[in-house]
1. Would you check which residues across the range 238-291 are farther than 16 Å from residue 41 by Cβ, assigned to a helix (DSSP H, G or I) and either more than 12 Å from the ligand (Cβ to nearest atom) or in contact with a Leu (Cβ under 9 Å, 6 or more places away or on another chain) (or both) and list them?
2. So, of the residues in the range 17-36 that are more than 17 Å from residue 83 (Cα to Cα) and open to solvent by 10 Å² or more (accessible area, probe 1.4 Å), which turns out to be nearest to the ligand (Cβ to nearest atom)?
3. Could you tell me whether the range 16-24 includes any residue that is at pLDDT 95 or above, assigned to a helix (DSSP H, G or I), of a type in the set (S, T, N, Q) and over 30 Å from residue 297 (Cβ atoms)?
4. Return the total of residues in the range 152-175 being open to solvent by 30 Å² or more (accessible area, probe 1.4 Å) and assigned to a helix (DSSP H, G or I).
5. Considering only the range 62-84, how many residues are within 14 Å of the ligand (Cβ to nearest atom) and either in a strand (DSSP E or B) or acidic (Asp, Glu) (or both)?
6. Across the range 37-59, which residue is surrounded by the fewest Cβ atoms within 10 Å (Cβ to Cβ) among those that are within 17 Å of the chain's Cα centre (by Cα) and either more than 10 Å from the ligand (Cβ to nearest atom) or assigned to a helix (DSSP H, G or I) (or both)?
7. Sort through 144, 182 and tell me the only one that's free of Cβ contacts under 8 Å to residues at least 60 places away in the same chain and either assigned to a helix (DSSP H, G or I) or basic (Lys, Arg) (or both).
Amino acid sequence: MTPEQFDVAIIGGGAAGLSAALTLGRSRRSVVVIDAGMPRNAPASHMHGFLSRDGFPPAEMLQLARKEVAGYGVRLLPHAATTVRGDVESGFAIRTGDSIEVTARRIILATGVEDRLPAIPGVREAWGRFLLHCPYCHGYEVRDRPLAVFGGLPGAIQYALLIREWTSDLTYLTNGVTPSDDESRTLRARGISVRDGRITALLTDGDRFAGVRLDDGRTVAADAVFMRPTSRPRTEFVASLGGALSPEGFAHVDPSGRTTIPGVWVTGNLVDPRAQVITAAGHANAVAMDVNSALVGDDTQTALLTLD
Ligand SMILES: Cc1cc2nc3c(=O)[nH]c(=O)nc-3n(C[C@H](O)[C@H](O)[C@H](O)COP(=O)(O)OP(=O)(O)OC[C@H]3O[C@@H](n4cnc5c(N)ncnc54)[C@H](O)[C@@H]3O)c2cc1C
């Protein structure tokens, strides 16, 4: 069977991928969005910080977005893409796990990141509910309550100073990495208490957080814990197409989101793991315009050749 052809294939249909699809669909491009359906914020029941949608359930937002883009003729394939081959001259072929193949003139990768959570009992259950990563997303909801910071990770002291703005009742859990004298002084100056010891479990009791268990057997009471995990960008397709990556696995991009592979762009958390939904969607909107400009260039070249 001949694969269906599109101007643009977008891999990843979270906020970034769907935002790019909206702009390209409205630019009258034929677009397919291939999405495995596991957005990063899926564990959170509410999404904050998106103007006019503050507090909205993230899954509902994506459902509305899918409906909007479908209204402009965008094809939605609810599958994981498994391979991407080809180049900008001959076109790209994308295959899904269900052996569907489509071809496209340009590719936008919006596959997001995978947060690396520590292998500690209770962490997965608490993630996005009581174990929070972003105070701008969920800090206000737990303001002025007893909170803790999961320490011992890169940048954790600075992160604790940030969280301190949302509560005066904050405990820094060293998780076995004792702060330096300077760091201890800084934490003390901001009224942040420090608890030594390794974290052995996060305790969730139904709809309530029951605290953090340490290796001395004691439990630190808190209503929520903030932790900034490291994130792995899903740049496998950049790598398989021969694109340049940083040592951390992020694609080398120019300000328009173009990778070093002609015809392939990246957007959303894949470019910036700290981007919130509004930022990811905004970046993707700009990327989509750049992709459309590239296609205008192609179309013009083809028309000129026909004229000759
Ligand atoms: C717990 C939590 C809560 C958050 N809360 C907020 C909040 O309140 N407000 C806020 O602004 N931000 C919040 N964020 C950040 C928010 O999740 C990101 O800003 C947003 O998800 C980035 O959108 P994205 O489209 O780049 O990536 P994602 O939303 O992660 O979407 C990527 C999509 O690509 C798909 N995908 C991956 N690989 C493939 C493949 N091979 N083939 C097909 N599809 C693929 C994934 O399944 C997913 O659907 C939160 C993050 C976390 C972790």
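1. Selection gives 238, 239, 285, 286, 288, 289, 290, 291.
2. Filtering first and then ranking leaves 19.
3. No; the residues of the range 16-24 include none that is at pLDDT 95 or above, assigned to a helix (DSSP H, G or I), of a type in the set (S, T, N, Q) and over 30 Å from residue 297 (Cβ atoms).
4. 3
5. Total satisfying the criteria: 7.
6. 57
7. 182
Conditions (1) surrounded by fewer than 24 Cβ atoms within 10 Å (Cβ to Cβ); (2) within 13 Å of the ligand (Cβ to nearest atom); (3) assigned to a loop (DSSP other than H, G, I, E, B); (4) touching a residue at least 12 places away in the same chain (Cβ under 8 Å), marked per residue:
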{"residue": "8", "(1), (2), (3), (4)": "no, no, no, yes"}
{"residue": "13", "(1), (2), (3), (4)": "no, yes, yes, yes"}
{"residue": "86", "(1), (2), (3), (4)": "yes, no, no, yes"}
{"residue": "89", "(1), (2), (3), (4)": "yes, no, yes, no"}
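The values are calculated or read from the model by the stated rules, or taken from the named source; none is laboratory data. This one's a predicted model, so the numbers in the text were calculated from it and none came from an experiment. For neighbour counting, all protein chains shown are included, and Cβ atoms are generated from backbone atoms with ideal geometry for every residue, glycine included. Note: areas computed on protein heavy atoms with side chains; ligands, DNA, RNA excluded. Shrake-Rupley method; radii C 1.70, N 1.55, O 1.52, S 1.80 Å.
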